[in-house]
Amino acid sequence: MSLRPATLGAARRAAAKRLAAELGPDATPALDARLLVAAAIGIAPDQLLLVDDRELSEAERRAIDAALDRRLAGEPVARIVGEREFWGLSFRLSEATLVPRPDTETLVEATLAWIDRTHGRDKPLRIVDIGTGSGAILIALLSELPQSIGLGIDLSEEAARTARANAARLGFADRSLFTRGSWAESCGPVDVIVSNPPYIESGVIQTLDREVKDHDPVLALDGGDDGLDAYRAIVADLSRLMRPGGAAFFEIGYDQGRALSLLATRAGFVVAVHTDLAGHDRVVELIRPN
Ligand SMILES: C[S@@+](CC[C@H](N)C(=O)[O-])C[C@H]1O[C@@H](n2cnc3c(N)ncnc32)[C@H](O)[C@@H]1O
């Protein structure tokens with residue numbers, strides 16, 4: 001008698017059970033199983049329950065097994081399905097892009113809070129996203145700021161290409177530009193600068209979870225010996241990049257708030273630190289006084 005699941009629902013439940021047994025207590029087996037099974041058979045995850053009773057073809061069964069094997073080998077779900085939701089929008093990924101993290105929504109929130117206080121969301125602002133990756137931060141901001149335009153810069157040509165494709169697919173191509181460059185060397189004064197640059201200490205990268213160290217690009221992680229290389233490079237250039245009265249928002253590691261605040265204060269900026277949902281320092285806001 002075969003124990004192979006006959007229907008999509010049975011396959012989803014069997015996948016969740018296997019993930020729970022093999023991935024340990026921090027895993028999210030039911031969610032992972034739903035996303036993996038949906039992607040393997042080419043259906044939207046929110047439609048999956050509607051076809052629970054449908055019989056599986058042999059090809060679908062093989063595709064689900066292959067996705068499950070990759071997950072059990074430590075590959076993140078977002079890499080397997082090729083996309084990740086951020087700010088309610090779905091971003092496609094490539095090998096050159098970081099998987100956008102929920103914590104990074106703190107950066108979007110802090111930026112919007114400043115815009116609400118100073119300009120209002122209908123003001124046409126110019127925004128630059130340094131180290132744009134999938135374009136998640138810039139595109140999330142443009143989705144809230146109907147009159148604004150933005151430039152996303154990345155040292156990786158492939159990341160810039162992925163971000164451009166995301167902007168086009170999500171309907172923001174006419175208000176965004178994505179280009180290859182180092183930090184923001186080639187761009188003029190703007191109203192808002194956002195950046196989630198690489199900020200992990202070089203020596204720590206090999207100690208990170210395998211989901212991160214084996215699957216996120218090292219260019220997206222490596223912040224140099226003390227993790228602060230990117231902040232030093234960008235802050236040194238910030239007076240040129242930022243209009244008087246403008247602001248910059250940087251994502252940081254939980255223990256980098258003091259170091260970046262010091263760097264920014266010495267460069268003449270007014271600084272505030274924002275915490276994420278877990279209460280960790282997550283974003284440093286730099287205001288250039290008028
Ligand atoms: C931590 S990832 C952030 C990606 C995306 N903004 C996000 O939040 O999901 C940092 C990004 O900086 C890019 N990067 C690294 N060095 C750079 C440089 N010198 N100039 C521009 N971008 C750089 C990496 O390729 C990567 O896409």
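The values are calculated or read from the model by the stated rules, or taken from the named source; none is laboratory data. For clarity, every value in this text was computed on a predicted model and none was experimentally measured. A quick note on method: Cβ atoms are made from the backbone with ideal geometry, for glycine too, and the neighbour counts reach across all protein chains shown.
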Inset, instruction - Write out, first by first residue and then by second, each pair whose Cβ atoms fall under 6 Å of each other, whose residues are 6+ apart or on separate chains, and whose first residue, in the stretch 182-196, is without any contact (Cβ under 8 Å) to a residue 60 or more places away in the chain while the second is more than 8 Å from the ligand (Cβ to nearest atom) and among the β-branched types (Val, Ile, Thr). - result: TRP183/ILE234; ALA184/VAL128; CYS187/VAL128
Inset, instruction - Would you mention how many residues in the stretch 17-28 are surrounded by 15 or more Cβ atoms within 10 Å (Cβ to Cβ) and farther than 13 Å from ALA67 by Cβ? - result: 3
Inset, instruction - Tell me, please, whether a residue that is within 11 Å of the ligand (Cβ to nearest atom), among the aliphatic types (A, V, I, L, M) and surrounded by 20 or more Cβ atoms within 10 Å (Cβ to Cβ) can be found in the stretch 195-203. - result: yes
Inset, instruction - Could you pull out every one of the strands (runs of 3 or more DSSP E) wholly within the stretch 97-214 that has 1 or more residues that are more than 15 Å from the chain's Cα centre (by Cα) and under 21 Å from THR275 (Cβ atoms)? - result: 190-195
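When you go through VAL212, VAL273 one by one, which is the residue that is among the β-branched types (Val, Ile, Thr) and within 15 Å of the ligand (Cβ to nearest atom)? Steps first, please.
Numbers: VAL273 fails: within 15 Å of the ligand (Cβ to nearest atom).
Testing whether each residue is among the β-branched types (Val, Ile, Thr) and within 15 Å of the ligand (Cβ to nearest atom) leaves just VAL212.
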Legend entry - Yes/no for ARG92 being assigned by TED's automatic domain parsing to the domain that holds LEU221, of a type in the set (Lys, Arg), modelled with pLDDT of 95 or more and surrounded by 15 or more Cβ atoms within 10 Å (Cβ to Cβ): yes
Inset, instruction - Could you tell me which of the residues LEU31, LEU50, LEU36 is buried (at least 17 other Cβ atoms within 10 Å of the Cβ) and assigned to a helix (DSSP H, G or I)? - result: LEU36
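Residues ALA73, ALA67, ALA78: which one is surrounded by 14 or more Cβ atoms within 10 Å (Cβ to Cβ), under 12 Å from HIS215 (Cβ atoms) and among the small types (Gly, Ala, Ser)? Talk me through it step by step, then tell me what you get.
Numbers: ALA73 fails: surrounded by 14 or more Cβ atoms within 10 Å (Cβ to Cβ); ALA67 fails: under 12 Å from HIS215 (Cβ atoms).
Going through ALA73, ALA67, ALA78 in turn, just one is surrounded by 14 or more Cβ atoms within 10 Å (Cβ to Cβ), under 12 Å from HIS215 (Cβ atoms) and among the small types (Gly, Ala, Ser): ALA78.
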Inset, instruction - Tell me which residues, restricted to the stretch 65-83, are free of Cβ contacts under 8 Å to residues at least 40 places away in the same chain and within 16 Å of the ligand (Cβ to nearest atom). - result: ALA78, GLU83
Inset, instruction - Show the residue pairs that are 6+ apart or on different chains and have beta-carbon atoms under 9 Å apart, the first residue being within the stretch 256-285 and under 21 Å from ILE200 (Cβ atoms), the second being surrounded by fewer than 19 Cβ atoms within 10 Å (Cβ to Cβ) and basic (Lys, Arg). - result: LEU263/ARG232; VAL273/ARG258; ASP281/ARG258
